[in-house]
1. Roughly to the nearest percent, how much of the accessible area of segment 1-173 is carbon and sulfur, given a 1.4 Å probe?
2. How much length would be gained if the chain were fully extended between Ile165 and Ser128, taking 0.36 nm per residue of separation minus their Cα-Cα distance, in nm to one decimal?
3. What FRET efficiency comes out for the pair Lys460/Ser176, r = Cβ-Cβ distance, R0 = 45 Å, nearest 0.05?
4. Taking the Cβ of Thr80 as the centre, find all other residues whose Cβ is under 13 Å away and add up their charges (Lys, Arg: +1; Asp, Glu: -1).
5. Whole number in Å², please: accessible area per residue of segment 6-162, 1.4 Å probe, ligands, DNA and RNA not counted.
6. Note the per residue figure in Å³ for the convex hull of the C-alpha positions in segment 1-173.
Amino acid sequence: GFRSFVWTAVSYQLKDRLKLSPSASQFVFSVSFFPWSIKPIYGILSDCIPIKGKKRIPYLVISTVMSLVPWLILGINASTRSSIWHLMILLTLQNLGSAMADVVVDAMIAEAVRFEKASFAGDLQSLSWLSMAFGGVCGSLLGGYALTNLEIDIIFLLFSILPAIQLFSCGLVEESSMGGEVLSDFCISSDSHHLNGKANDLDEDSSLEKKSNVSARKRKKSQKKSKKTQLTRRKAQTLSPGKGKSLPLLWFQSLKYATYNLCHAFKQPMILSLANVCPHFMWGRLSSLTIETEFLKLEASFLGTVRVIGWLGLMLGTFTYNQYLKKMKLRRILALTHIGLAFLNLFDVILVSRTNVAFGVSDKTLVLCGSALSDAVNQFKFMPFLILSGQLCPPGIEGTLFALFMSINNFGSTVGSFVGAGLASILNISSGSFDNLLLGINIQLFCTFIPVVLLFLIPKEATGIA
């Protein structure tokens, strides 16, 4: 959450120092945040390829170093801050480290959710997001002050203290060591589950056949099951570390079966429904910073306040959902959420059309209300996504499946950013040219309803926690 301290400064570096157009700035942000769209890669690596017998801590250390070094370089070397390409590369590397660390933490939460009761799952996710929101409040408060009183390089160096603390905290996290035997056990159990699952499917199918064919089918299935059991035992012997098989081979087998389990999990109707409905695609998302600073002429200190209000709204939305909405039907939650978001997007239409001025409502009041309410309402959609995906993670691929869910959501935002940059370019929306801004906002409002047409994919009886 505290990342808001520095990313507002990055936005101003692109807009004021490098003099980039809104579409160019949006392109830089889209590329820089692309690592958040490929989180399953980090998930499957941490799930299947332990480093020195550990799955989480080594990856947490590596990712934290990748998060730390770019800010130090940007703070010390002025030429990297002045070059668009150098800045974009370093920001992408930094996001790569942050995304990987996020996957590791999500995997640890998913493991805890899977082993605990369903009612506790909502509390754990809520605690996680409330903690992040608290960090966001602190980062936004201090970020607005820092942007007004400090140079950009000093802000980058100050923020590098945070990943440095995170690197130190890696030594406080306990994780039991695992050896090659665990890898082979994972592969063998996955293979056995695969084969036995098919055998069980055959058993279920046989009950629907005519009674005259039952005995013949049972004999055939018994023979097949016997052969499959022998095959499983041979594979167990092949994968056994004692038989001289190399560790890379065990890694390959682990990756192979994790990929199978991931594909098998996605065939479940509920997981497939979440993957299709929950991502927040905004096909035409325009740069809010450009609108707030160039069109509305809002100062940096006020924008820091806006972000604080937004984080407080997120905290309010998280608490409200966990207390009152988590047992509501999921279809209803998502439908009401999108209607609420569409209503709140009207705030942008009112601001751009200057209707609020005619009624004596200030821009700042409308921006503050819109920020708080939109973050709160959007959290009603995101919380069931987090809780259910954590519960549905199969054993052994917690990081992979949860990361895949999150990357689908992040990919939706990335696509929205790219399309928004293209839309701004097509409509000739740039600094000092806002003639078509109202049209762009209306297109964004229309796109809010796109996920609503997919709500039929959600099972009718599904709730926000089960």
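1. Numbers: 5320 of 7330 Å².
Carbon and sulfur atoms account for 73 percent of the accessible area of segment 1-173.
2. Details: separation 37, 0.36 × 37 = 13.32 nm, distance 1.85 nm.
Between Ile165 and Ser128, full extension yields 11.5 nm more.
3. Values: r = 42 Å, r/R0 = 0.94.
With a Förster radius of 45 Å, E is 0.60.
4. Working: positive: Arg17, Arg81; negative: Asp153.
Taking every other residue near Thr80 into account, the sum is +1.
5. Details: 6420 Å² over 157 residues.
Here the per-residue accessible area is 41 Å².
6. 127
The values are calculated or read from the model by the stated rules, or taken from the named source; none is laboratory data. Keep in mind it's a predicted model, so treat the numbers as computed, not measured. Here the Cβ is made from the backbone with ideal geometry for all residues, glycine too, and neighbour counts use every protein chain on show. Side chains included, ligands, DNA and RNA excluded: accessible areas come from the protein's heavy atoms. Shrake-Rupley method; radii C 1.70, N 1.55, O 1.52, S 1.80 Å.
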